[in-house]
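Below: one structure, written as C-alpha cells.
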Amino acid sequence: MKKVIAAVFTLMLAAVLAAGCAATDVVLKYGRSSFDAIISAFPNLVSSSEGYFVLTADGMTSLKVSSDYHAGQDDIVLETPLEPFVRAGLDASRLPEGFRAEGARLYLAADYGDGTGTRDNVRDALFEAVKADRMTLSYHKELDHFGVSLSYGKFEWAKDHTQNDKDIVFVISAEPLAKLGVDVGNIDGWAFLTMMEKDGNDMDVLVKPYDLKQ
C-alpha cells in the first residue's frame, strides 16, 4: 500500500512540476500574446492560399505557414524575390539544402514533424513549430523581439509593436550564401549585420525589417 501511495504522490508531484514549468515559460506566454497583438492590429497582414497562412507586409517577401504540418508540404517557408541575390552573385543552381529557387522566387523551407492537426489561425499554425521543439522559440533582448527559427533563418516580431520600429523581421543566415560567393553586404532590400545568438555566438545575417505603423 505504501508503494502505491508513493507512486501516486510521485505522479502528482511530476504533474505539479510540469504545470509550474509551463507557468514560468514567459517567453512562450508573451511570444504568443505579442504575436496576437500584431495580427490584431494589422489584420491585413495575413491571408490564406493553398493550405498556407501567408504573412506579408509588401506582397513581395512573405512567411508561409502550413495550416496542417501533416499535409505533405513544407511546414514554414520564407519566400522572397530571387533577383537581388542573383545580382549580388548567387548561382541559384548551387543553393544548399534548405534553400531553393523556383522561377523568380527564393525559398527557405523548414519542417517540424507531423504537427498535431489542422490549425485555423496563423498564430496556432506558427506555434506548431514550437510544440515540435521548444528551442525553436527565442527572445532577442537587443531588439526586444521574439522569434521562431527556420532553416538558415528566422522570423521575428516585436514584443511591443507600439514601442518598436521593427514590428516584424525576416532573417536569412548570410554564411551559406557568402560561401557561394554572394556579396552579402550588397543585396538590395536586405541589410547585413552581425547578431548575437542565444548561445552567445555571433552570426552574420541578412535582415528585412518592417515598421507596420508607417
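Structural remarks
- Against the list (1) crowded, with 18+ Cβ neighbours inside 10 Å; (2) polar (S, T, N, Q); (3) out of contact with any Leu (no Cβ under 9 Å at 6 or more places or on another chain); (4) free of Cβ contacts under 8 Å to residues at least 12 places away in the same chain, the condition Thr56 fails is (3).
- Residues satisfying the stated conditions in the range 67-77, i.e. in contact with a Phe, Trp or Tyr (Cβ under 6 Å, 6 or more places away or on another chain) and either of a type in the set (Gly, Ala, Ser) or closer than 28 Å to Gly181 by Cα (or both): Val77
- Candidates Phe155, Phe127, filtered to the one that is under 24 Å from Ile187 (Cα atoms) and surrounded by 15 or more Cβ atoms within 10 Å (Cβ to Cβ): Phe155
- Residue within the range 110-118 that is farther than 15 Å from Val77 by Cβ and among the acidic types (Asp, Glu) present: yes
- Qualifying residue in the range 157-177 (condition: more than 27 Å from Val54 (Cα to Cα) and without any contact (Cβ under 8 Å) to a residue 60 or more places away in the chain): no
- Taken over the range 177-214, the criterion of being surrounded by 15 or more Cβ atoms within 10 Å (Cβ to Cβ), outside any loop (DSSP other than H, G, I, E, B) and more than 18 Å from the chain's Cα centre (by Cα) is satisfied by Leu177, Ala178, Phe192.
- Residues that are within 19 Å of Thr56 (Cβ to Cβ) and out of contact with any His (no Cβ under 9 Å at 6 or more places or on another chain) within the range 155-198 comprise Phe155, His161, Asp165, Phe170, Val171, Ile172, Ile187, Asp188, Gly189, Trp190, Ala191, listed in sequence order.
- Within the range 38-76, being of a type in the set (Phe, Trp, Tyr) and touching a Ser or Thr at 6+ places or on another chain (Cβ under 9 Å) holds for Tyr52, Phe53, Tyr69.
One line per residue, one yes/no per condition, for (1) crowded, with 22+ Cβ neighbours inside 10 Å; (2) more than 17 Å from Ser40 (Cα to Cα):
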| residue | (1), (2) |
| --- | --- |
| Lys131 | no, yes |
| Thr136 | no, yes |
| His145 | yes, yes |
| Val148 | yes, yes |
| Ser151 | no, yes |
| Gln163 | no, no |
| Lys166 | no, no |
| Val169 | no, yes |
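- Consider the range 115-155 and keep the residues that are polar (S, T, N, Q) and in contact with an Asp or Glu (Cβ under 7 Å, 6 or more places away or on another chain). The one that is farthest from Ser66 (Cα to Cα) is Thr116.
- Once the range 84-97 is narrowed to residues that are without any contact (Cβ under 8 Å) to a residue 60 or more places away in the chain and either surrounded by 14 or more Cβ atoms within 10 Å (Cβ to Cβ) or touching a strand residue (DSSP E or B) at 6+ places or on another chain (Cβ under 6 Å) (or both), the residue that is nearest to Phe127 (Cα to Cα) is Ala92.
Only the coordinates and a few stated rules stand behind these numbers; no lab work does. What you are looking at is a predicted structure, and each value in this text was computed from that prediction instead of being measured. Note: ideal-geometry Cβ built from the backbone for every residue, glycine included; neighbour counts use all protein chains shown.
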